[in-house]
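Read through the structure below, which is laid out as structure tokens, and then see the notes.
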Amino acid sequence: MKAYADTGFLCSLYAPDAHSLRAIARMKRQPLPLPVTWLHHLEARNAFRLRVFRREISAVQRDSSLNAMLADLASGVLVRCAPSLADVTTEAERLSAIHSEALGTRTLDILHVAGALVLGLPGFLTFDLRQGALARAAGLKVPDV
């Protein structure tokens, strides 16, 4: 594994949105697999349900998005990873103490960057500017996507 993708990036891959074309183009150049943690699973499922609530996608599209993500897990495009929750929360607190007041980062953003660091991955895929700034500040490579 070479990079960690935040949930926003993954959601753009599986449900059409403003970033989908860029996410798909990046995946064509991206070494695989991408890790998926418990946080990705929870956040992606909720994001798809929220998009149904907002009438951005239908329930059928939600199910299709979830099934496509599961198919990529089964085929090895995505791989389940379970970084130590204790290590992730310790790293997240460290990142928060050092960077949150300057960067305005949110807890879920910090948890994703901490997860990438704990997994020892050098790259970070995101469309979120603040999360990207945190990842860079933490020493991760954040390619333009």
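Take the residues in region 1-14 that are among the aliphatic types (A, V, I, L, M) and modelled with pLDDT of 95 or more; name whichever of them is farthest from Arg62 (Cα to Cα). It would help to see each step written out before you state the result.
Taking region 1-14 first, the residues among the aliphatic types (A, V, I, L, M) are 1, 3, 5, 10, 13.
Remaining after also requiring modelled with pLDDT of 95 or more: 3, 5, 10, 13.
Working: Ala3: 26, Ala5: 20, Leu10: 14, Leu13: 13 Å.
By that ranking, first place goes to Ala3.
If you filter region 9-31 down to residues that are in contact with a strand residue (DSSP E or B) (Cβ under 9 Å, 6 or more places away or on another chain) and over 15 Å from Pro143 (Cβ atoms), you find that the one that is surrounded by the fewest Cβ atoms within 10 Å (Cβ to Cβ) is Leu10. Would you check which residues across region 73-130 are closer than 19 Å to Asp144 by Cα and in contact with a strand residue (DSSP E or B) (Cβ under 8 Å, 6 or more places away or on another chain) and list them? Once the filter is applied, which keeps residues that are closer than 19 Å to Asp144 by Cα and in contact with a strand residue (DSSP E or B) (Cβ under 8 Å, 6 or more places away or on another chain), region 73-130 yields His112, Val113, Ala116, Leu121, Pro122, Gly123, Phe124, Leu125, Thr126. Those helices (runs of 4 or more DSSP H) of region 46-145 in which at least 3 residues are surrounded by 15 or more Cβ atoms within 10 Å (Cβ to Cβ), touching a residue at least 12 places away in the same chain (Cβ under 8 Å) and small (Gly, Ala, Ser), considering only elements entirely within it, cover 107-119, 129-137. The single condition from (1) assigned to a loop (DSSP other than H, G, I, E, B); (2) of a type in the set (A, V, I, L, M); (3) crowded, with 17+ Cβ neighbours inside 10 Å that Leu39 fails is (1). Applying a threshold of 7 Å to beta carbon distances and a minimum spacing of six or more residues, or different chains, the list of pairs starting in region 9-33 at a residue that is over 22 Å from Cys81 (Cβ atoms) and among the small types (Gly, Ala, Ser) and ending at one that is modelled with pLDDT under 95 and part of a helix (DSSP H, G or I) is empty.
The values are calculated or read from the model by the stated rules, or taken from the named source; none is laboratory data. Keep in mind that this is a model prediction, so the values were computed, not measured. Here the Cβ is made from the backbone with ideal geometry for all residues, glycine too, and neighbour counts use every protein chain on show.
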